[in-house]
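Report on the structure given below.
Just so you know, all these numbers are worked out from the coordinates, no wet-lab data involved. Predicted model, so just to flag it, every value in this text is computed and none were measured. Note that each Cβ is placed from the backbone with ideal geometry, even for glycine, and that neighbours are counted across all protein chains shown.
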Amino acid sequence: MDSIAEATYWLIRGRELFLFLHLLGLACFAAIAARRLAPLLRAERDFRFDRPLARLGKLVQFWLAQWRHPRYRLAGVLHILIFAGFLLLASRAFTVLAMGLSDRFIDTGSGGFYGIVRHYATTVVFLCMGTAIVRRLVFRPARYGRPSADPIFLLSLIAILMAADGVFEGSQAAMHAQAGPAEFLAPWSLAWICQSAFAGAALATLRNLHLGAYLAHEFTFFFLLCYRPFGIQFHVETSLFSIYFAKLDRGTVKPVRWGVADQQLDTVPSFGVKKLEDFTWKHILDFYSCADCGRCAEQCPANAAGRPLSPRALSIKSRDYVFRHYPVWGPSSDGTPLVGGLYSEDEIWSCTTCGACEAECPLLVEYIDKIVDLRRGLVDDGKAPQPLHKPLKALEGRGNPFGKLEKKRADWAQGAVPIANGGGVETLFFADSITSYDDRAQSIGRAVARILGRLGGNFGILGAKERDSGHDVRRFGEETLFLALRDHNTEAIRASGARRIVTADPHAFNALKHDYKDVPPVEHASQAIARAVRTGQIRMKPVENGVYTYHDPCYLGRHNGIYQDPRDVLDAIPGLRRVEMKRSRDRSFCCGGGGLALFYEAQEEQRMGVLRVRMAAEAGASVMVTACPFCLVNIEDAIKVAGMEGQMTAIDLAELVDRQMVS
Amino acid sequence: MEILVCAKRVPDTAENEIQLNRAGTDIERDDLVYSVNEPDNYAVEEALQIAARTGGKVTVVTVGGDEDEEVLRREMAMGAARGVLISDDAFQGSDGRGIAAILKAYVQSEHYDLILTGVQAEDGCAQVGGMLAAMLDYPFASLVTSIEVLDGRKLKIGREIEGGSKEINAIDLPCVLSIQTGINEPRYVGMRGIRQVASVPIPTLGAADLGLGPDAAGEAAAKVKRVDYFVPPAGKGAEMLQGSREEIMEKLMDLLKAKGGLN
């Protein structure tokens, strides 16, 4: 009576019918998946097979434990429930499929504890689908953009799958109940509700319901399987891989070509991404994995400022381009160029590499490396934006983007800081270009110098021998120039004999820490100050008034995880009242970008800095403290643009400490 | 179409603090950073775009010393097929006419359909292009802001004229054009591009190769000599506009219109 395999369907025995359908479904999926694999195999290399333990750790944290999902409370909780439901129901799905082939797999009892778990899992997933559909259709969260039929269709299919299972089991239990004691179904589960609803039905009707539900399950299951590689639902399969192979090292930029040493770069015929296959396989896998949830775009400052960039749109249109370029059927149907066709140049240059998108993405999709690779392609083709030509040329000629003379590089110090030239100097203060030459930022350099002086120990600067760290030269795609700057600085730093490096510029900090090799350990000034405050080496007098807020620089916070040290320093100032902006720590909002971003004016409706200053005002702050010369310059500019002079001031952490220090 | 672009190496005005030497005869040249004369980049870019449309190749020539090879390499990294360095101790101290005579001799030793120069050298007088055309008896147009290749041996060129108006001319090939900046967006050349052409040989031609005697170029032939070099004293023309932001903006607009800064 329960048999699926022995029943006949349109004169065909179940066993044969389902064997055929299973095999057909699997064959279709295999064929489609193979086509999806094709571009990955033709893409650039990417070394992601190292450090398996670290990768497994990521898998446990971000895949199994869904670590980032609760950052968006409701959607996150829904997703965790659905994900947990899928995991719990995986073995049930196989059992149900097997029932079509042999009666041995039919449950006769209640299924024990797993039975109860899966009854509720089916029900919870079903309810989540309903909630998600209502959410998308009625409440329409802004980050999903225009309502689209695709996710609704997907959610409905999963709901049908769950309902089919409920009807399948409910009808079976109802049949059993008419003959004697039935199996136990978890109360108020879908199956239980179906059993109650069908209790009075005729045996033949129940039998038809049972077989019908099985057929519905069969078709929906395999349709879903084969439909998944066509859209956002593909992440069900790909997320496991994209999280396992996710980038492990924050703050770094991928090499021009994996497996090609810097010294061999001259032999590489083309730099960066110019055509689809120039992306690495992992980056194409990222396109597949993007679930179009829009969290990245909602956090992206470029998007908020109205620049023509949305990380989400970048992923989705790239994915669609891959699909058109490598279609499942027929010849490639899209030959449009990547940049200038799929992406606009302004889009590619709009990114400040702040990393907000990457910090938010639950699937660990990478953006910065892709943007940098696209820029490398543009630079290689001579298409660096016009406003960057002069700063790049000046970086080549003079080692700074402003075209200022090398011999004036130490002028900011006004002779108060010794030049480190081999031996005797323990700490090297790496100022970098903006602190060396910008009138406003120079005061940060002098403040740090006074603080370092207070801390004792001898320190010095490279002076005329220092060149730009090249941090943003690299991130703007000019790898060759970056390598020249890096090699020059590395030699000068090593010749200085210093045993450690301190810098007040998070961009230089990130470069020295992640992009440079064979240089002494580097520390950001805020770390050194925080340590001195903790040990009592620095004591500060009370501040009079004002409400302070701390703005996390991207390359100190998100890219290097230094959130607490600067806050601890602020909290150590007596009488200082500190408030947090809504967007702080790893959700900090970029001020507009550092390095070459100062020279590039993207099309935008609003300056990022202006948006940021308003956020500070909204938090009730009157003083914005930051720990980056670029942030300071951008924010002070933005205060003027926003017409908020008098209501808001900006100060660097080092300047503030220098002002408040008591001897 | 075979195109020749004449380029020059000049102190980069964006990256130097130009100061006079003590004698007042020249600028202080220690510690200077040199680069390609900016308008010449536009001429090379335009030449490359024409060659891409019509076929043919672009040659860049400069008159100078060994150190001037760097500007040829930079323009070759942009895409010029060939660089030619004209260098001879006998050319030291040439005036504009001397340089034009040297270039004339070179042009006559080869075959070029079109000769482009930048609108002027940043350290020069915008004279060589016109003189070169006259010596070659070629037609000449200055301040060219657009070039269209017509059928046969003709170009349609746009020229910028005072006040921002533009005129369109037809000009016969071969001709000499001086290219105004802004005609295009010159492509970016980085260190990588220069390194890729680092081993391409650059022929060097001297006075003997071009059949030039001391009466054609060099110090003895120069009829224009620099007698002084000075920085003009700063004027007292600064005027601070007063009032609200709107008033200041209005006054500024009026001033710009009155002084011809806006049309």
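Quick one: pull the percentage of alpha-carbon pairs in chain A with a separation above 34 Å.
Tail fraction, whole percent: 53.
Based on the mean of other Cβ atoms within 10 Å per residue, sort peptides A:536-548, B:221-233, A:358-370 so the most packed one is first.
A:358-370, A:536-548, B:221-233
Say a paramagnetic label sat at a point 7 Å from the Cα of residue A:342, along Cα to Cβ; which residues of the range A:279-304 have their backbone N under 15 Å from it?
Zone members listed by number: A:279-290.
If I stretch the segment between residue A:587 and residue A:77 completely, what's the gain in nm (0.36 nm per residue apart, minus their alpha carbon distance), one decimal?
Gain on extension, residue A:587 to residue A:77, equals 181.6 nm.
List the residues, sorted by chain then number, that are 5 or more residues from residue B:205 or on another chain and whose placed amide H is less than 5 Å from its amide H.
Residues meeting the amide H criterion: B:85, B:86, B:87.
What FRET efficiency, computed as 1/(1 + (r/R0)^6) with R0 = 51 Å and r the Cβ-Cβ distance, is obtained for residue B:224 and residue B:257, rounded to the nearest 0.05?
Using R0 = 51 Å, I get an efficiency of 0.85.
Roughly how tilted is helix A:149-179, in degrees to the nearest 10 and between 0 and 90, from the longest Cα axis of chain A?
That works out to roughly 40 degrees.
List every residue whose amide H lies under 5 Å from the amide H of residue B:60, counting only residues 5 or more places away in sequence or on a different chain, with H placed 1.01 Å from N in the peptide plane.
Residues meeting the amide H criterion: B:5, B:82, B:83, B:84.
If eta is 0.890 mPa s and T is 25 °C, what Stokes-Einstein diffusion coefficient results for the range A:271-380, Kirkwood Rh from Cα pairs, in µm²/s?
The estimated diffusion coefficient comes to 174 µm²/s.
Taking the highest mean first, how do the peptides A:476-489, A:9-22, A:404-417, A:422-435 order by number of other beta carbon atoms within 10 angstrom per residue?
A:476-489, A:422-435, A:404-417, A:9-22
Summing -39500 (n - 2.57) over the DSSP H runs of n ≥ 4 in chain A and dividing by its residue number, what mean residue ellipticity at 222 nm do you reach, to the nearest 500 deg cm²/dmol?
Rounded to the nearest 500, it is -15500 deg cm²/dmol.
I'm checking a number: the convex hull volume of the Cα atoms of the range A:539-662, normalised per residue, in Å³. What is it?
101
Which pairs break 20 Å Cα to Cα here: A:254/A:582; A:274/A:317; A:383/A:465; A:404/B:236?
Beyond 20 Å between Cα atoms: A:254/A:582; A:383/A:465; A:404/B:236.
Sticking with the crude label model, points 7 Å out along Cα→Cβ, report the distance from residue A:140 to residue A:333 in nm, one decimal please.
Each label point is offset 7 Å from its Cα along the Cβ direction, giving 2.9 nm.
So which residue, out of B:74, B:159, B:245, gets the largest mean-square fluctuation from a GNM of chain B using Cα contacts under 10 Å as springs?
So, out of B:74, B:159, B:245, the one fluctuating most is B:245.
Compute the distance in nm between two label points, each set 7 Å from the Cα along the Cα-to-Cβ direction, one at residue A:268 and one at residue B:153.
A separation of 4.8 nm, rounded to one decimal place.
Provide A:496, B:244 in ascending order of the number of other Cβ atoms located within 10 Å of each residue's Cβ, fewest first.
In order of increasing Cβ crowding within 10 Å: B:244, A:496.
So if R0 is 35 Å, what FRET efficiency would residue A:199 and residue A:106 give, r being the distance between their Cβ atoms, rounded to the nearest 0.05?
0.95
Using R₀ = 45 Å, calculate the FRET efficiency as 1/(1 + (r/R₀)^6) where r is the Cβ-Cβ separation of residue A:464 and residue A:87; round to 0.05.
After rounding to 0.05, the efficiency reads 0.15.
If you count, for every residue in B:2-15, the Cβ atoms of partner chains within 10 Å of its Cβ, what is the mean?
2
Could you work out the per residue convex hull volume over the alpha carbons of chain B, in cubic angstrom?
With only Cα atoms used, chain B gives 175 Å³ per residue.
Can you give the calculated 222 nm mean residue ellipticity of chain B, where each DSSP H run of n ≥ 4 adds -39,500 (n - 2.57) and the sum is split over every residue, rounded to the nearest 500 deg cm²/dmol?
-8500 deg cm²/dmol
Looking at chain B as a GNM with Cα springs under 10 Å, which of B:150, B:72, B:177 has the largest mean-square fluctuation?
Greatest mean-square fluctuation among the candidates belongs to B:150.
Compute a Gaussian network model of chain B, connecting alpha carbons closer than 10 Å, and tell me which residue from B:181, B:54, B:145 fluctuates the most.
Of B:181, B:54, B:145, the most mobile in the Gaussian network model is B:54.
Report the net charge of residues surrounding residue A:308, where surrounding means a beta-carbon distance below 10 angstrom and charges are Lys +1, Arg +1, Asp -1, Glu -1.
-3
Once you list every other residue whose beta carbon is under 10 Å from the beta carbon of residue A:661, what net charge do they have if Lys and Arg are +1 and Asp and Glu are -1?
So the environment of residue A:661 carries a net charge of +4.
Sort out for me the Cα centre separation of the range A:585-663 from the range A:313-328, rounded to whole Å.
With the range A:585-663 and the range A:313-328 each reduced to a Cα centre, they are spaced 38 Å.
Any idea what diffusion coefficient the range A:210-327 gets from Stokes-Einstein, in µm²/s, Kirkwood Rh on alpha carbon pairs, 10 °C, 1.306 mPa s?
Roughly 93 µm²/s, to the nearest whole number.
Can you give me the C-alpha center-to-center distance between the range A:67-89 and the range A:108-166, rounded to a whole angstrom?
Cα centroid to Cα centroid, the span is 12 Å.
Out of A:493, B:255, A:149, whose Cα points farthest toward the positive end of the dipole of the protein assembly as shown (charges: +1 Lys, Arg; -1 Asp, Glu; placed on Cβ)?
A:149
Please list the equivalent ellipsoid semi-axes of the range A:347-389, computed as the square roots of five times the alpha-carbon gyration tensor eigenvalues, in descending order and whole angstrom.
They are 24, 11, 6 Å, listed largest first.
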